[in-house]
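I have placed the structure first, in the form of structure tokens, so that the comments after it can refer back to it.
The values are calculated or read from the model by the stated rules, or taken from the named source; none is laboratory data. Not measured: the values here are computed from a predicted model. Cβ atoms come from the backbone with ideal geometry, glycine included; neighbour counts cover every protein chain shown.
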Amino acid sequence: MALIPIVYYGHHPALHKIAEPVTVFDEALTQLIQDMYETMYHAEGCGLAAPQIGLSKRIAVIDISEEKNKPFCIINPEIIEKTGSELMSAGCLSVPGTYSTTPRATHVKVRAQNETGQFFEIEGDGLLGHCLQHEIDHLFGKLNIDYLSLLKRKMSLKKMEKFLKRAE
Ligand code: NI
């Protein structure tokens with residue numbers, strides 16, 4: 001297994017465009033997903049999407065459990081049902097050092113494929129629902145700070161750059 005460097009807002013084109021669907025489900029994909037789990041745990045995130053490691057593919061991994069032992073991946077996911085709306089404050093590994101408030105559905109149902117290409121459905125509200133929406137947004141080139149006004153986004157990006165400088 002291997003850690004993969006995470007890319008930051010404005011630092012890599014993959015973060016800001018629609019990712020390509022996955023069509024080949026092979027050993028390399030399984031390995032990539034293992035590496036994404038490891039990278040997510042190492043970064044202490046509850047989700048990680050492929051564009052965040054500079055890869056324009058519709059793959060995301062999620063684990064919202066306290067014990068960090070219930071990882072799953074969603075490949076080519078699609079939101080097939082959405083109900084309610086609420087505001088959610090969340091961070092993002094690609095915009096470190098910042099939080100932003102984003103409008104989210106309260107409940108979503110998602111259809112996706114697993115690492116062997118099998119279709120499955122997953123639904124949730126609360127943290128799971130928000131995480132699903134956040135990661136699926138990444139696969140369409142959208143980050144949570146993109147919901148902010150231009151001014152607030154600029155402030156968040158300044159904060160991020162300061163954070164990255166301190167972390168060097
Ligand atoms: Ni994110």
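Only residues in the stretch 137-151 that are closer than 13 Å to A19 by Cα and without any contact (Cβ under 8 Å) to a residue 40 or more places away in the chain count as the first member; pair them with residues that are surrounded by fewer than 21 Cβ atoms within 10 Å (Cβ to Cβ) and not aliphatic (A, V, I, L, M), Cβ under 7 angstrom, at least 6 apart or cross-chain, and list the lot.
Matching pairs, first to second residue: none at all.
Considering only residues of the stretch 142-168 that are more than 12 Å from the ligand (Cβ to nearest atom) and not in a helix (DSSP H, G or I), which is modelled with the lowest pLDDT?
Looking at the filtered set, the residue picked out is E168.
Taking into account only those residues within the stretch 118-141 that are acidic (D, E) and assigned to a helix (DSSP H, G or I), which is surrounded by the fewest Cβ atoms within 10 Å (Cβ to Cβ)?
Among those residues, the one meeting the criterion is D137.
Residues in the stretch 139-150: is at least one among the polar types (S, T, N, Q) and touching an Asp or Glu at 6+ places or on another chain (Cβ under 9 Å)?
yes
For the subset of the stretch 41-75 comprising residues that are closer than 18 Å to H16 by Cα and within 12 Å of the ligand (Cβ to nearest atom), which member is surrounded by the most Cβ atoms within 10 Å (Cβ to Cβ)?
A49
Just to be sure, is I33 more than 16 Å from the ligand (Cβ to nearest atom) and part of a strand (DSSP E or B)?
Considered against the rule, which asks whether it is more than 16 Å from the ligand (Cβ to nearest atom) and part of a strand (DSSP E or B), I33 comes out as no.
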